[in-house]
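Undergrad: This is the structure I have questions about; it appears just below.
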Amino acid sequence: MHRSSLFIRLLSLVVSFAMVAPLGLGQARNAAESSLRITVTDPRGAAIVGARVNIKTKSGDPQAAETDGRGEAFIPRLSSGAFDLHIEAQGFETRDIKDARLKSGSNKLEVRLEVVGVKEEVEVKRDAQEKATDPRGNGFTTVLTPDQIAALPDDPDEFEAAIRNMAGPGAVLRVNGFRGGKLPPKSQIREIRFRMNPYAADSHETGFMAVDIFTKPGLDDWHGSVNLGFRDEALNARNPFARVLGPEQFRRFGVSMDGPLWKNHTSLALSAEGVSSYDSKTIVAALPDGPFSGLVRRPSRTLNLSARVEHALTKTHTLRGEYQRNAGRQDNLGVGDFDLPERAFSTDRAEHILRVSDSGVVAKRLVNELRFQASWQQTDSHSSSNLPAIMVLNAFNRGGAQIESSRRVRELELADNVDFAFEKHSMRAGILLEAASYRSSELRNGGGTFVFASLGDFRDNRPTTFSRRSGDPRVEFRQYQLGSYWQDDVRLRKNLSISVGLRHEFQTNLGDRNNFAPRFGMTWSPFKDGKTTLRAGAGVFYDWFGADAFEQTLRVDGSRQADLVVRNPCFPDPLSCGSETVLPPSRLQRDPLLRMPYVEQVSVGVQRQLAKFAQLFANYFHQRGLNQLRGHNVNAPLPGGGRPDSSAGNITQVESGARSTFDGLSINLSFQQPQKRFFAHLGYFFSKVTTESDGPFSLPADNFDFGAERGPGAGDVRHRVFGMLNMGLFKGLRLGATFNAGSAPPYNISTGFDDNGDSVSNDRPRGVTRNSARGAGQFNLGTRLSWGFGWGRPRATGAIGQRVFAIRARDDSDVLGQMPLGGMNGKRWRTEVYVQAYNLLNHTNPLNFTGVQTSPFFGRATAALPARRIESGLRFSF
């Protein structure tokens, strides 16, 4: 413990010094001459091959170049200062950039060309208001460059969590346009773009923020990276719910390489990431002979492999192919909190993903993008024990987990999007087809479960209910989903544009077909400087009826599988005393009138350029959810009478009768000074979520009074704050920090008894509505301190085919180039060593508040997020 305390003191001193260190300690650049690397892309971000680039500086002769197979051109030996740029390509509007500035040293720029319209126009320097109101431009957008990405956590899960925290609730992540799968390693990511355009008709999801991650293939030479990470309990802090410091070990490795197979035509990128680890999960329970506190070790292994090929088919078409294999095993799941070690089960999961995409110009005024994705998933779960389970509500759970399942999923996704333009209209249309087949064998609760309301009832052998599921565990089915859309972005004036779109969706296994979703958006820049942009919109968003829920209605239909429920059973033999009540078989079913859930959303937002290096984003959203899914026991006992259908037990019917409301306000500040190696982001999110259900099989406490179910949703965290800091220090040192905080989430209060006789122990006290109690807020500060150094002369540059990792779709007014890399800048061999801390301040973040009134833990937390963890590692790249 002494070693840990000393380390934390030293790390805190470094962090404190970094906070007050001058931000201007950059590396001096050679002012003798400049060079410019240009990437030319179409409206969807694909490279344009054969574009003619002409540049003229104020003190030099004009120079010209043509973009290569990746849409890139390199122009060396330019004089620093102002320059004019002229770019033209067949099928695209000509682009002129006036009075831009070259810094000394290397400069990077990406320029987007629009599809030529019926009336071709040559664009002289683009008006600030026109640029601010481009619906497909960079308004309401934040970009992380490779240097900023490098300062994020190295752990893949923590890395993804940091991105989601920055994006806010409901964010949708896409990698090169594809959803799902694993994120690529940090070394292969070119940029991460956070963009708010919620009413684009090509989007199915209601997420307020879309996060697009773009990889960076290499066509000039081979590049590689090796990274290692390690931590154990030596420098960790003790979990506040554990009596001793729990064992932990985390070993991570990553290897990636990318380079040309056919120079300037075809590139290959390979990566492998693996983790072998174990952590400790706390058990806090109340047993008949007294309190119990323990730790269980949970091993975990993952191995993720990927290969990606990019090829320039023609001057206007780029073909990309990718294969992923993601596999992992976790042991001792299901143990922790109230669950004793005998409740353990293990899960093996393997996933294969194949992706193919093609984008480019197909006619003079058409740009097409075609995407295809196929995935194969297999998940197997096995229990350590299949003995009958004993559940004493929020006191302790023992017995077997009774999970024996094997699930195979085959999914196909085909999407096609086409862009075309004429005069003031920029249109986009497309279609998305998703097809999936499911084959599973699953039997849960095959040995049965006894439920006791309290420890006293357990001591007296008085269970409330006994349930057991039996029958054929095999289910096989298919499901198809189709979405199509059209959108028109119209520029009414140079400072005002509107977007009008319509989307239609339907899926099999539902009789609902008239799912039309209109979308409307408006963007307005009221001032001539273009530094203020207002955006408003409204739209309808449908949601799919999930395959998991549909599968359960097929499996537990009363015929293939059924649930035996016994009220007031005996113990340990539920049918031995003669006073028990055995209900007829229970089942799950869908409402014949089940409809697709949807959300109506309106919003208004403002973006303000506060200074050259600072931007403010503020947005307000309101949603109303209709046809939301909920469970309803349509065969619950009538007050003072019996069940409507005496030949059946509980009939849990999935209905689309629930509603929800959501109000959210997000405020984000971004600061970026690339030449000083400084980036900071601060976000605040207020939300109020009100729902009437927790899911398709969530039963109400009173099956005849749905009004009492209206209450805070599970995600009703009223206040969230997220911050991110990335700054260069000196001598190759770099500091990254992230923090997030949230107010208390809600939890439900119940009596612990089956007061209404429906055999479900979810009854609440009289006058208490759903999720009426609150837990505790959370706070987490993570830091990453790294030191990078390099050696060796850089590879020769100057050829037109030199690969450039440029910032995609940046505005001409942005600073050219990426953040300098300190001691690694320009070196051929680069090494970085780092130390990073999770929950640096060792703040206690309690979880799992108990809402069962009969529990000895009522109103108290029984678990917490991990305490402080320290990880060290290194990265070598070339």
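The values are calculated or read from the model by the stated rules, or taken from the named source; none is laboratory data. Note that the coordinates shown come from a computational prediction; the quantities given were computed from them, not determined experimentally. Every residue, glycine among them, receives a Cβ derived from its backbone with ideal geometry; neighbour counts consider all protein chains shown. For the accessible areas, the whole protein counts, side chains as well, though only heavy atoms, and no ligand, DNA or RNA atoms are used. Shrake-Rupley method; radii C 1.70, N 1.55, O 1.52, S 1.80 Å.
Undergrad: Would you point out the residue of region 395-410, among those that are open to solvent by 40 Å² or more (accessible area, probe 1.4 Å) and within 30 Å of Ala286 (Cβ to Cβ), that is modelled with the highest pLDDT?
TA: Arg398
Undergrad: I'm checking my understanding of the structure. Among residues of region 299-318 that are aliphatic (A, V, I, L, M) and over 28 Å from the mean Cα position of the chain (by Cα), which one is least open to solvent (accessible area, probe 1.4 Å)?
TA: So the residue we want is Ala312.
Undergrad: Residues that are open to solvent by less than 20 Å² (accessible area, probe 1.4 Å): find the strands (runs of 3 or more DSSP E) completely inside region 829-878 holding 1 or more of those.
TA: Filter on region 829-878 gives 829-838, 861-864, 869-877.
Undergrad: Hey, another quick one. Being more than 30 Å from Ser441 (Cα to Cα), surrounded by fewer than 21 Cβ atoms within 10 Å (Cβ to Cβ) and hydroxyl-bearing (Ser, Thr, Tyr) is true for just one of Ser559, Ser484, Ser525. Which residue is that?
TA: The conditions single out Ser484.
Undergrad: Please verify whether Ser276 is at pLDDT 90 or above, out of contact with any Pro (no Cβ under 6 Å at 6 or more places or on another chain) and either under 30 Å from Phe621 (Cβ atoms) or open to solvent by 40 Å² or more (accessible area, probe 1.4 Å) (or both), treating the condition exactly as stated.
TA: For Ser276, the condition - at pLDDT 90 or above, out of contact with any Pro (no Cβ under 6 Å at 6 or more places or on another chain) and either under 30 Å from Phe621 (Cβ atoms) or open to solvent by 40 Å² or more (accessible area, probe 1.4 Å) (or both) - is met.
Undergrad: Filter region 563-588 for residues that are open to solvent by 50 Å² or more (accessible area, probe 1.4 Å), touching a helix residue (DSSP H, G or I) at 6+ places or on another chain (Cβ under 9 Å) and part of a strand (DSSP E or B) and give the result.
TA: Restricting attention to region 563-588, the residues satisfying the condition of being open to solvent by 50 Å² or more (accessible area, probe 1.4 Å) are 567-568, 571-573, 575-579, 581-582, 585, 587.
Narrowing the set further to residues that are touching a helix residue (DSSP H, G or I) at 6+ places or on another chain (Cβ under 9 Å) leaves 571, 587.
Arg587, the sole residue that qualifies.
Undergrad: Oh, and also: Look through Val244, Val284, Val296, Val255 and report the one residue that is open to solvent by 40 Å² or more (accessible area, probe 1.4 Å), touching a residue at least 40 places away in the same chain (Cβ under 8 Å) and among the hydrophobic types (A, V, I, L, M, F, W, C). Before the answer, list the steps.
TA: Working: Val284 fails: open to solvent by 40 Å² or more (accessible area, probe 1.4 Å); Val296 fails: open to solvent by 40 Å² or more (accessible area, probe 1.4 Å); Val255 fails: touching a residue at least 40 places away in the same chain (Cβ under 8 Å).
Testing whether each residue is open to solvent by 40 Å² or more (accessible area, probe 1.4 Å), touching a residue at least 40 places away in the same chain (Cβ under 8 Å) and among the hydrophobic types (A, V, I, L, M, F, W, C) leaves just Val244.
Undergrad: Quick test for you: out of Leu510, Leu554, pick the one residue that is aliphatic (A, V, I, L, M), open to solvent by less than 50 Å² (accessible area, probe 1.4 Å) and modelled with pLDDT under 90.
TA: Values: Leu554 fails: modelled with pLDDT under 90.
After ruling out the rest, the residue left standing is Leu510.
Undergrad: Sticking with this one: Out of the residues in region 731-741 meeting the condition of being of a type in the set (Gly, Ala, Ser) and open to solvent by less than 20 Å² (accessible area, probe 1.4 Å), tell me which one is farthest from Asn633 (Cα to Cα).
TA: Among those residues, the one meeting the criterion is Gly732.
Undergrad: For Asn417, state whether it is under 26 Å from the mean Cα position of the chain (by Cα) and not small (Gly, Ala, Ser).
TA: Values: under 26 Å from the mean Cα position of the chain (by Cα): yes; not small (Gly, Ala, Ser): yes.
Criteria met by Asn417.
Undergrad: Moving to a separate point now. Which of the residues belonging to region 328-363 are within 21 Å of Lys182 (Cα to Cα), among the hydrophobic types (A, V, I, L, M, F, W, C) and open to solvent by 40 Å² or more (accessible area, probe 1.4 Å)?
TA: Leu354, Val356
Undergrad: Ok, one more. Checking the structure you have, find out if any residue of region 750-759 is small (Gly, Ala, Ser) and open to solvent by 40 Å² or more (accessible area, probe 1.4 Å).
TA: Checked against the condition, which is being small (Gly, Ala, Ser) and open to solvent by 40 Å² or more (accessible area, probe 1.4 Å), region 750-759 yields no hits at all.
Undergrad: Of the conditions (1) among the hydrophobic types (A, V, I, L, M, F, W, C); (2) under 27 Å from Leu354 (Cα atoms); (3) assigned to a loop (DSSP other than H, G, I, E, B), Ile431 clears all except one; give me its number.
TA: (3)
Undergrad: Between residues in region 73-87 that are over 10 Å from Gln63 (Cα atoms) and residues that are outside any strand (DSSP E or B) and open to solvent by less than 10 Å² (accessible area, probe 1.4 Å), which pairs lie under 6 Å by C-beta distance while being six or more apart or on different chains?
TA: Short answer, once both residue conditions are applied: Ala73/Thr67; Ile87/Ala51.
Undergrad: Quick one: in region 364-377, which of the residues that are of a type in the set (Lys, Arg) and either closer than 26 Å to Tyr323 by Cβ or buried (at least 16 other Cβ atoms within 10 Å of the Cβ) (or both) is nearest to the chain's Cα centre (by Cα)?
TA: Among those that are of a type in the set (Lys, Arg) and either closer than 26 Å to Tyr323 by Cβ or buried (at least 16 other Cβ atoms within 10 Å of the Cβ) (or both), it is Arg371.
Undergrad: Here is a check on your reading of the model: is Pro463 under 18 Å from Pro388 (Cα atoms) and in contact with a strand residue (DSSP E or B) (Cβ under 6 Å, 6 or more places away or on another chain)?
TA: It is true that Pro463 is under 18 Å from Pro388 (Cα atoms) and in contact with a strand residue (DSSP E or B) (Cβ under 6 Å, 6 or more places away or on another chain).
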